[in-house]
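A.B. asks: One structure, pasted below without further comment.
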Amino acid sequence: MIVYGSVLSPFVRKLLGYLGEKGIGFELKGVGIGDPDPGFRAASPLGKMPAIDDDGYRLADSSAIIHYLEAKHPEPELIPADPQLRGRTIWWEEFGDTLLAACSGKLFFNRVVAPHVLKREGDLAAAAQAEAEDLPKLLAYLEEAIPASGFLVGDRLTLADLAAVSPLVNVRHCSAGADPARYPKIAAWSAAILSRPSLAPWIARDERMMAALAG
């Protein structure tokens with residue numbers, strides 16, 4: 001299976017972590033927004049990443065891909081079958097993919113992508129507003145919600161953890177985010193999830209890419 005995307009994308013990161021937890025083999029082909037790569041465009045005509053080519057079956061969007069793969073590879077179960085746990089898992093995926101990713105996107109695009117990739121000034125006022133007003137509300141909600149188990153749903157890792165932690169990496173890349181003194185549960189939870197073998201190598205690659213951009 002070929003995965004198209006950039007490791008700096010929270011949606012690609014979520015999928016990479018999912019694939020690692022499942023033990024599904026893949027080849028990552030790096031592409032950027034609007035990339036003309038013909039394989040990527042065939043899998044994602046609208047340029048949305050990540051996208052996959054699974055032996056000729058092409059699909060874009062991290063959630064669509066993960067739900068497809070969960071049906072194809074049901075073990076280990078990362079989207080619980082129990083109705084209530086499944087509902088909570090889908091909520092946390094929505095939280096990560098929309099609320100948290102939108103906030104982190106304002107920070108990451110305007111402080112990293114615009115100046116270092118597009119070579120133009122970002123909207124620093126929008127980034128500052130997101131950091132000062134939007135982010136604290138989301139972090140406060142997450143801090144209160146993390147249970148004693150150390151996992152967002154049930155007593156083991158699920159898609160919920162992968163989806164919610166991925167945008168926080170982009171926040172961290174902007175030198176913002178969860179102060180451990182103020183958000184100790186987020187600090188412990190995110191450190192544990194990001195240190196898993198499914199994610200740790202990608203986080204290290206992220207950090208090398210960020211160092212090169214800043215260089």
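A.B. asks: Does Arg120 satisfy being over 16 Å from Val171 (Cβ atoms), out of contact with any strand residue (DSSP E or B) (no Cβ under 6 Å at 6 or more places or on another chain) and not acidic (Asp, Glu)?
C.D. replies: Taking the combined requirement at face value, the residue satisfies it.
A.B. asks: Another question about this same structure. For the range 74-90, which positions are in a helix (DSSP H, G or I) and free of Cβ contacts under 8 Å to residues at least 40 places away in the same chain?
C.D. replies: Residues satisfying the conditions are Pro83, Gln84, Arg86, Gly87, Ile90.
A.B. asks: Can you tell me which residue within the range 152-183, out of those that are without any contact (Cβ under 8 Å) to a residue 40 or more places away in the chain and not charged (D, E, K, R), is nearest to Gly17 (Cα to Cα)?
C.D. replies: Filtering first and then ranking leaves Ala178.
A.B. asks: For the range 189-215, give me each residue that is free of Cβ contacts under 8 Å to residues at least 24 places away in the same chain, small (Gly, Ala, Ser) and under 16 Å from Glu21 (Cα atoms). Break it down stepwise before answering.
C.D. replies: Just the residues of the range 189-215 that are free of Cβ contacts under 8 Å to residues at least 24 places away in the same chain, to begin with: 191, 195, 200-201, 204, 207-208, 211-212, 215.
If we keep only those that are small (Gly, Ala, Ser) as well, we get 191, 195, 200, 204, 211-212, 215.
Scanning the range 189-215 gives Ser195, Ala200.
A.B. asks: To continue, here is another question. Only one of these conditions is not met by Ile33: (1) farther than 30 Å from Asp155 by Cβ; (2) part of a helix (DSSP H, G or I). Which number is it?
C.D. replies: (2)
A.B. asks: Filter the range 1-59 for residues that are of a type outside the set (D, E, K, R) and touching a His at 6+ places or on another chain (Cβ under 7 Å) and give the result. Let's see the steps before the verdict.
C.D. replies: Start the filter on the range 1-59 by keeping residues that are of a type outside the set (D, E, K, R), which leaves 1-12, 15-20, 23-26, 28, 30-34, 36, 38-40, 42-47, 49-52, 56-57, 59.
Passing the criteria: only Ile24.
A.B. asks: May I ask you to verify whether Tyr57 is surrounded by 13 or more Cβ atoms within 10 Å (Cβ to Cβ), without any contact (Cβ under 8 Å) to a residue 60 or more places away in the chain and aromatic (Phe, Trp, Tyr)?
C.D. replies: So Tyr57 does not fit the description; no.
A.B. asks: On to the next question. Being in contact with an Asp or Glu (Cβ under 7 Å, 6 or more places away or on another chain), farther than 20 Å from Phe151 by Cβ and either in a loop (DSSP other than H, G, I, E, B) or among the hydrophobic types (A, V, I, L, M, F, W, C) (or both) is true for just one of Leu59, Leu107. Which residue is that?
C.D. replies: Every option except Leu107 fails the conditions.
A.B. asks: Considering only residues of the range 1-30 that are part of a loop (DSSP other than H, G, I, E, B) and of a type in the set (A, V, I, L, M, F, W, C), which is farthest from Val171 (Cα to Cα)?
C.D. replies: Looking at the filtered set, the residue picked out is Met1.
A.B. asks: Considering only the range 38-52, state which residues are touching a residue at least 40 places away in the same chain (Cβ under 8 Å) and either β-branched (Val, Ile, Thr) or over 30 Å from Val153 (Cβ atoms) (or both).
C.D. replies: The answer is Ile52, and nothing else.
A.B. asks: If a residue must be closer than 24 Å to Gly34 by Cβ and without any contact (Cβ under 8 Å) to a residue 12 or more places away in the chain, how many such residues does the range 103-143 contain?
C.D. replies: Residues that pass the stated criteria total 7.
A.B. asks: Here is a further query. Name every residue in the range 82-102 that is within 14 Å of Thr158 (Cβ to Cβ), surrounded by fewer than 18 Cβ atoms within 10 Å (Cβ to Cβ) and either touching a Phe, Trp or Tyr at 6+ places or on another chain (Cβ under 7 Å) or polar (S, T, N, Q) (or both), in order of residue number.
C.D. replies: Matches in the range 82-102: Gln84 only.
A.B. asks: May I pose another question? Within the range 155-177, work out how many residues are under 16 Å from Leu100 (Cβ atoms) and over 16 Å from the mean Cα position of the chain (by Cα).
C.D. replies: 1
A.B. asks: If we scan the range 177-186, do we find a residue that is modelled with pLDDT of 95 or more, of a type in the set (Phe, Trp, Tyr), at negative phi and surrounded by 22 or more Cβ atoms within 10 Å (Cβ to Cβ)?
C.D. replies: No, that holds for no residue.
The values are calculated or read from the model by the stated rules, or taken from the named source; none is laboratory data. Keep in mind that this is a model prediction, so the values were computed, not measured. All Cβ positions, even for glycine, are placed from backbone atoms using ideal geometry, and neighbour counts span all protein chains on display.
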